[in-house]
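J.: Below you will find the structure I want to go over with you.
The values are calculated or read from the model by the stated rules, or taken from the named source; none is laboratory data. Just so it is clear, the model here is predicted, and its values are computed rather than measured. Positions of Cβ are generated from backbone atoms using ideal geometry, with glycine treated the same way; all protein chains shown enter the neighbour counts. Note: areas computed on protein heavy atoms with side chains; ligands, DNA, RNA excluded. Shrake-Rupley method; radii C 1.70, N 1.55, O 1.52, S 1.80 Å.
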Amino acid sequence: MASRRSSLGNGKSGPTTQIVLLGTGTPRPDPEQSGPATAILVNGTPYLVDFGPGVVRRAAAAYQKGIPGFGPGVVKLRTVFLTHLHADHTAGYPDLILTPWIMGRKEPLEVYGPKGLNDMTRHVLAAWKVDIENRVNGVDKLPAAGCGVNVHEITPGTIYKDQNVCVTAFRVRHGELKNSFGFRFETPDKTIVISGDTAPTETLIENCNRCHVLIHEAYSQKTYKEVSRRWQTYRRNYHTSSKELALLAARTKPELLIIYHRSNPGASITLPTSETALLEEIRGAYKGNVIVGHDLDVF
Ligand SMILES: [Zn+2]
Ligand SMILES: [Zn+2]
């Protein structure tokens, strides 16, 4: 395939980009799958997409596993992108703001996300007012700037650029949540597209066109017929079936397709989301390289 190398190259040889899956789950509180959170590290600098529950502890686990870029106590995680405001993607927010600060982060977070993020941030900081005031004014004397958040509410287009990465946001199709985004990361050696939560959408296909890595959500087609009509409608409007993802991947031809946020909305809580069934369904209609992602996988 044609090289996707961008103009951001630093002249060094060898890979500079790593993907670390910090959370591959859904709202379901599965101990094996934290809430959605994906880190992309470029030249050792971490960039985070989404902050589902468990995000800080998973990042600490990745650090312990040998990914130094997060820093001890996750203090180096400073640049963050949010796909949409659903709780499974945001319930780790106070943890992300406060815990690395308590562990030593001195600078504010920079967070890029949909309209409404400003309000959410303000409310989180207000909710933890007593703790913040105590740590700033008490014996700890933590720097107030370290628990600050600079919020950047985004619209489609280029939303971030530095020496490591250029990030493009594009709108996706997630039911009534009009401000739902997917992201395209262009680094010196990789183009990575993250779907966020979405039903099949042309904007993703345009942005992923022969990208290196597509990280995409999916639900199993097998369980679709077993859920109520209301849940079938929900699935069609909010999420992507295995069959739809296979067709989408066949059109965009990523070098690697990673499935995350695998779900069976509307199905019984006791029904496990079968990894094998999902892979079989996709491989039935797509011959490219596809895997199911797990928490703390590194690519
Ligand atoms: Zn979700
Ligand atoms: Zn969602």
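J.: Return the residue satisfying two criteria in turn: it lies in the range 71-96 and is within 16 Å of ligand 2 (Cβ to nearest atom) and among the hydrophobic types (A, V, I, L, M, F, W, C), and of such residues it is surrounded by the fewest Cβ atoms within 10 Å (Cβ to Cβ).
T.: That would be A87.
J.: Under the condition of being within 21 Å of the chain's Cα centre (by Cα) and charged (D, E, K, R), which residue from the range 210-235 is nearest to D197 (Cα to Cα)?
T.: In this case the residue turns out to be E217.
J.: Report, ordered by the first and then the second residue, all pairs with beta carbons closer than 8 Å, sequence separation of six or more or different chains, a first member in the range 13-29 that is over 11 Å from L41 (Cβ atoms) and open to solvent by 10 Å² or more (accessible area, probe 1.4 Å), and a second member that is at pLDDT 90 or above and hydrophobic (A, V, I, L, M, F, W, C).
T.: P27/A87
Here's the yes/no breakdown for (1) within 16 Å of ligand 1 (Cβ to nearest atom); (2) open to solvent by 10 Å² or more (accessible area, probe 1.4 Å); (3) among the basic types (K, R); (4) more than 18 Å from the chain's Cα centre (by Cα):
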| site | (1), (2), (3), (4) |
| --- | --- |
| V139 | no, yes, no, yes |
| L142 | no, yes, no, yes |
| G148 | no, yes, no, yes |
| K190 | no, yes, yes, no |
| D197 | yes, no, no, no |
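J.: Can you tell me which residues in the range 199-210 are surrounded by fewer than 24 Cβ atoms within 10 Å (Cβ to Cβ) and touching a strand residue (DSSP E or B) at 6+ places or on another chain (Cβ under 8 Å)?
T.: A199, P200, T201, T203, E206, N207
J.: Just give me the residues in the range 44-69 being over 22 Å from V151 (Cβ atoms) and in contact with a helix residue (DSSP H, G or I) (Cβ under 9 Å, 6 or more places away or on another chain), in sequence order.
T.: The answer is G44, G54, R57, A60, A62, Y63, I67, G69.
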